[in-house]
C-alpha cells in the first residue's frame with residue numbers, strides 16, 4: 001500500500017513538472033515536445049509488440065495517435081495553405097499506419113512512422129533558433 005502511495009506522489013510530481021515545462025515553453029518548443037512524446041510512445045509500442053503485451057501496445061499506439069492528432073489540429077492553414085495541407089496529409093497517413101500497425105502487430109510499420117516523425121522533428125529542430133528569435137522579438141515588442 002505504501003508503494004502505491006509513493007507511485008501516486010511520483011506521478012503527481014511528474015505531472016506538475018510537465019505542466020511547468022508546458023507553461024514556460026514557446027509554441028515552437030511545445031511542438032518539439034509533442035513530437036518527442038509521439039516518438040517515445042511509438043518506441044514503447046514497438047517493445048510491447050515484441051513482448052506480446054497487447055493492452056500496453058494498444059495504449060501506447062493510441063497515445064501516439066492522439067499526439068499526432070494534436071499536431072494535426074495545431075496546423076496554421078492561414079500561414080501557408082499548401083504546406084499545412086501537406087503536413088495534414090502526412091499526419092493523417094501516420095495515424096492510419098499506426099492503426100494498421102496496431103491491428104497487425106507490425107513493428108515494421110511503427111518503424112516507418114518513427115522514421116517519418118524523426119525526419120520531421122529534425123527539420124523542426126533545425127528552425128528552433130530562428131523561431132526562438134522571432135518569439136523573443138514579438139515578446140519585446142509587446143512590452144513596449
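See the values below:
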item: Residue list for segment 35-63, filter: under 16 Å from residue 108 (Cα atoms), surrounded by 15 or more Cβ atoms within 10 Å (Cβ to Cβ) and touching a residue at least 24 places away in the same chain (Cβ under 8 Å); result: 39, 41, 42, 43, 45, 46, 49, 57, 61
item: Which listed residue, of 32, 72, is modelled with pLDDT under 95, surrounded by 11 or more Cβ atoms within 10 Å (Cβ to Cβ) and at negative phi; result: 32
item: Residue tally, condition closer than 17 Å to residue 37 by Cα, surrounded by 15 or more Cβ atoms within 10 Å (Cβ to Cβ) and either in contact (Cβ under 8 Å) with a residue 24 or more places away in the chain or in contact with a strand residue (DSSP E or B) (Cβ under 7 Å, 6 or more places away or on another chain) (or both), over segment 98-115; result: 4
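The values are calculated or read from the model by the stated rules, or taken from the named source; none is laboratory data. The shown structure was predicted, so the numbers you read here are calculated from the model rather than taken from an experiment. Cβ sites come from the backbone with ideal geometry, for glycine too, and all protein chains shown count toward neighbours.
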